[in-house]
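Here's the structure we're looking at; comments come further down.
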Amino acid sequence: MHPNPAFRADDRARHISFARDRAFGVLALSTDDAPLLSHVPFVLSEDGTEADLHLVRSNPIVRALKEPQTVRIAVSGPDGYISPDWYGIDDQVPTWNYVAVHLTGTLERCPQEELRGLLDRQSAYFEERLLPKPPWSADKMTPEALERMMRMIVPCRMRVEDIQVTWKLNQNKPDEVRLAAADQVESNGQGSEIAQLATLMRGA
């Protein structure tokens, strides 16, 4: 996380809402060698204290879950390059604006009988965003096919114990400078989800 306190607003509800809405991140588990990483969708509770997810049974992280493990999920948002020319003031340097929320806590395997409920909650969460399409559900699968797929994955739950954030949106610049950069991000930017990044910069 960025050390500048200007980029680390104390707004827990906003951070939780951001992570819940993205619902996808990089799960990291430390080991004696390189960290184990897995890109995972998850369902974060309303209060941000629990994240439910599933992993492929052959995932090395699953093998490490013979006992609960301390893990982190890094959730990334919009990001983009900022040219110093966009500020309209002298003696500036290039930088990169971005949003990130890190969830840290304890991950453990759940009983296998909890898997179907987790999958139903997870698919319902994403399917409801696709309205007016009738939502997909596991009931559309044959029981045999569903059972075969479910044998390949395991349910997990993360108890979230800490949330760290970076909202790096040029809050350390004067308003007119930040807004000028936001206009350039929207019209000439390079990065990910630059229109949303520009919107966030304007509201910073």
Largest fluctuation, Arg129, Arg72, Arg151 only, Gaussian network model of the chain with Cα springs under 10 angstrom, belongs to Arg129
Most exposed to least, judged by fewest other Cβ atoms within 10 Å, Arg20, Arg148 sort to Arg148, Arg20
The residues Cys110, Cys156, sorted from fewest to most surrounding Cβ atoms within 10 Å, come out as Cys110, Cys156
Within the stretch 115-204, DSSP-loop GluC sites (Glu not before Pro) with at most 16 other C-beta atoms within 10 Å are Glu193
In nm, the gap between the two label points placed 7 Å beyond Cα toward Cβ at Glu147 and Asn188 is 6.3
Rounded to one decimal in nm, the spacing of the 7 Å Cα→Cβ label points at Ala138 and Phe126 is 1.5
Under the 7 Å Cα-to-Cβ spin-label approximation, Asn172 and Glu67 lie apart by a distance in nanometres of 4.2
Check: C-alpha center the stretch 11-54 vs C-alpha center the stretch 161-204, spacing in Å is 23
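If r is the Cβ-Cβ distance from Ala9 to Ser45 and R0 is 25 Å, what FRET efficiency results, to the nearest 0.05? Walk me through the intermediate numbers first.
Values: r = 22 Å, r/R0 = 0.86.
Given R0 = 25 Å and the Cβ-Cβ separation, E is 0.70.
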So Arg57 and Ile89, fully extended at 0.36 nm per residue minus their Cα-Cα distance, gain in nm 6.1 nm
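No lab work stands behind these numbers, since they all come straight from the coordinates. Since we're looking at a predicted model, the values are computed, not measured. Counting neighbours? That spans all protein chains shown, and the Cβs are built from the backbone with ideal geometry, glycine included.
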